[in-house]
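Visitor: Please find one structure pasted underneath; my questions will follow.
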Ligand SMILES: [Zn+2]
């Protein structure tokens with residue numbers, strides 16, 4: 001099996017004794033192509049080229065499914081991607097809260113949780129973000145980040161908490177609504 005690339009789509013190519021071309025997008029988004037032994041490389045590329053819009057659509061649909069493998073390399077990859085992306089989104093907010101309010105989390109954690117998008121422990125000053133946020137748009141992830149940062153100042157969901165959230169993220173309600181969809 002060899003890896004080939006057309007545009008920005010990589011695929012695993014296997015040549016075997018078969019008559020037709022088989023193209024599969026696996027649940028992890030990887031593309032597998034099986035072609036007859038005799039089929040010229042150029043024809044293979046042309047066939048895949050035509051399928052690229054379909055492949056991308058499949059990959060996008062798979063990415064949006066909030067299904068997590070319990071373990072394995074795929075989960076590991078999603079985790080590291082999530083940590084990277086959440087880190088980029090959180091950095092400016094962390095700096096802002098540190099500068100304006102003198103508070104900052106001691107640690108950020110990403111974990112697969114079932115009932116909450118995020119949590120903030122006042123005792124350990126640790127903010128945990130749900131791994132499932134990986135499948136949500138940036139604006140929603142940002143909402144959870146700011147929500148949890150506000151908890152460093154207001155532990156409960158009292159008036160003070162919402163006043164701060166409203167000040168920092170005036171459109172938080174729209175973002176939360178989007179997160180629930
Ligand atoms: Zn909260």
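Visitor: Within a 10 angstrom radius of the beta carbon, how do 46, 139, 94 rank from fewest other beta carbons to most?
Guide: If I rank by nearby Cβ atoms, fewest first, I get 46, 139, 94.
Visitor: Report the antiparallel proportion of the DSSP beta bridges in segment 2-64 as a percent, rounded to a multiple of 5.
Guide: Approximately 60 percent, going by the DSSP bridge assignments.
Visitor: If the elastic network links every pair of Cα atoms under 10 Å, which of 144, 21, 103 fluctuates the most in the Gaussian network model of the chain?
Guide: 21
Visitor: How big, on average over all directions, is the shadow cast by the Cα convex hull of the chain, in nm²?
Guide: Over all viewing directions, the chain projects a mean Cα-hull area of 12.8 nm².
Visitor: Which values, in whole Å and largest first, are the semi-axes of the equivalent ellipsoid of segment 2-64 obtained as the square root of 5 times each eigenvalue of the Cα gyration tensor?
Guide: They are 21, 12, 9 Å, listed from largest to smallest.
Visitor: Further question: Just to compare against my own numbers: the Cα pair-distance distribution for segment 73-180, 10 Å bins, whole % per bin, please.
Guide: Whole-percent P(r) values from 0 Å outward: 15, 50, 31, 4, 0.
Visitor: How much FRET efficiency would the formula 1/(1 + (r/R0)^6) give for residue 123 and residue 15, where r is the Cβ-Cβ distance and R0 is 45 Å, rounded to 0.05?
Guide: 0.15
Visitor: Sticking with this one: Which percent, nearest 5, of DSSP beta bridges in segment 73-180 are antiparallel?
Guide: The antiparallel fraction comes to roughly 45 percent.
Visitor: Here's something else I'd like to know. What does the helix-only formula give at 222 nm for the chain: each DSSP H stretch with n ≥ 4 adding -39500 (n - 2.57), the total divided by the residues, and the result rounded to the nearest 500 deg cm²/dmol?
Guide: Using -39500 (n - 2.57) per qualifying helix, the result is -16000 deg cm²/dmol.
Visitor: Calculate the spin-label point distance for residue 56 paired with residue 42, positioning each point 7 Å from the Cα along the beta-carbon direction, and give it in nanometres.
Guide: 2.6 nm
Visitor: Also, I was wondering about something else. Need one number: % antiparallel among DSSP beta bridges in the chain, to the nearest 5.
Guide: The antiparallel fraction comes to roughly 55 percent.
Visitor: Within a 10 angstrom radius of the beta carbon, how do 122, 113 rank from fewest other beta carbons to most?
Guide: With the fewest neighbours first, 122, 113 line up as 122, 113.
Visitor: Let me ask something else about it. Specify the inter-centroid distance of segment 81-127 and segment 1-58, based on alpha-carbon positions, in whole Å.
Guide: 40 Å
Visitor: Could you grab the relative contact order for the chain? Cα pairs under 8 Å, six or more apart, rounded to a whole percent.
Guide: RCO, the chain: 13 percent.
Visitor: For 48, 83, 145, what's the fewest-to-most ordering of other Cβ within 10 Å of each Cβ?
Guide: Ordered by Cβ neighbours within 10 Å, fewest first: 83, 48, 145.
Visitor: In nanometres, what is the gap between the two model label sites at residue 79 and residue 135, each 7 Å from Cα along Cα-to-Cβ?
Guide: Going by the 7 Å Cα→Cβ label model, 1.9 nm.
Read-outs throughout are calculated quantities, based only on the coordinates presented, and are distinct from any laboratory measurement. What you see is a predicted model; the values in this text were computed from it and never measured. We place every Cβ from the backbone using ideal geometry, glycine too, and count neighbours over all the protein chains shown.
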